[in-house]
Amino acid sequence: MDPLIYQVERLFERDGCGKTIWARQFFRQRETFHVPTRTFFEKEVMQGDLHSSVPVTKVLGKCIVMPHKDYFKLKPEGFDEKDIYVCEWRYTSKIRNWKKIKPSSFWDYPPYIKMVTRDKPLEATKVASVFKDRIMKHKEEVEEIEALEKIVEEPIPPNIKWAGGPDPNLTYWEQYTIPGPISVRRGDHVLVRGEGNRNMVAQIDTMWLGTDGMAYFNGPWFVVP
């Protein structure tokens, strides 16, 4: 099994947890739901919607994901070819939605990475889906996936600051979007996974961004029978 691919967004350390990264996952084609007629670049991965906290001790090594506009002509200095991937699409796993990433929306390379021109540009050839041979066996599922791919992904609403917070050293929010994406406002009721995988209900009274960069909320909790 191939290792998972993540883009590091933040590094932090917590008591009892050690050094940890907060990262966005990228999906290989076999990790997505798609129509079997879709084709992919050989080293293509999709920018996902899932974030995870990963202990640094589980990191196997560095790789790099490049926008398709750069991948075929450029390469990062000091990286083996096996560790270089190409990306063209954003994939929302919760609704199985595909959306092509605009050239202006791609991430910036870390400043320490130097891009150099390839000795010979790569050919932009694509390969068939790993699911192509299963078309006839799973016809109904294929039709469902085709319908899901036509769903238009709604834009993520902006975060809205709230000036009524009690601590001037913290940033408070009237509206905030958490990974998913899920947008919540003050006054909303939310389901929270508690101990023993028990769902708990709470109402958001106050939301803020802590000094560790994580989002928190406070408010009344409701008893679930």
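The values are calculated or read from the model by the stated rules, or taken from the named source; none is laboratory data. The shown structure was predicted, so the numbers you read here are calculated from the model rather than taken from an experiment. Cβ atoms come from the backbone with ideal geometry, glycine included; neighbour counts cover every protein chain shown. Only protein heavy atoms, including side chains, enter the accessible area calculation; ligands, DNA and RNA are left aside. Shrake-Rupley method; radii C 1.70, N 1.55, O 1.52, S 1.80 Å.
For the reader, a short list of remarks on this structure follows.
- Hypothetical label at Arg118: residues of region 1-43 whose amide nitrogen lies under 17 Å (7 Å Cα-Cβ projection): 40-43
- Peptides 32-42, 10-20, 204-214 ranked from most to least packed, by the mean per-residue count of other Cβ atoms within 10 Å: 32-42, 204-214, 10-20.
- Residues in the chain average 67 Å² of solvent-accessible surface per residue, probe 1.4 Å, ligands and nucleic acids excluded.
- Shape category assigned to region 32-79 from the gyration tensor of Cα positions, a/c cut at 1.5: oblate
- Label-point gap, in nm, between Met200 and Arg30 - each point 7 angstrom along Cα→Cβ: 4.0 nm
- Sulfur and carbon atoms: percent of accessible area, the chain [1.4 Å]: 54 percent
- Taking the C-alpha atoms of region 1-90, convex hull volume expressed per residue in Å³: 121 Å³
- Global geometry of region 1-150, whether rounded, prolate or oblate, following the gyration tensor of its Cα atoms and the 1.5 cut on a/c: oblate
- Amide N of region 30-68 lying under 11 Å from the label point, which is placed 7 angstrom from the Cα of Lys94 along Cα→Cβ: 49-51
- Among the listed pairs Lys43/Lys99; Lys69/Lys132; Lys62/Lys132; Lys43/Lys102; Lys69/Lys114, a Cα-Cα separation exceeding 22 Å is found for Lys69/Lys132; Lys62/Lys132.
- Charge tally around Val56: other residues with Cβ under 15 Å, Lys/Arg +1 each, Asp/Glu -1 each, net +3.
- Counting only DSSP beta bridges whose two residues both lie in the chain, roughly 90 percent are antiparallel.
- Antiparallel %, DSSP beta bridges [both residues in region 1-88], to 5: 75 percent
- Fluctuation leader among Pro168, Pro158, Pro179 - the chain, Gaussian network, Cα springs under 10 angstrom: Pro168
- Net charge dipole size for region 1-148 [Lys, Arg +1 and Asp, Glu -1 on Cβ; Debye, nearest 20]: 160 debye
- Take the Cα of Lys102, go 7 Å toward its beta carbon, and the backbone nitrogen atoms of region 50-78 under 17 Å from that spot belong to 68-69.
- Structure-based [θ]222 nm, the chain - -39500 (n - 2.57) summed over DSSP H runs of at least 4, per residue, nearest 500: -1500 deg cm²/dmol
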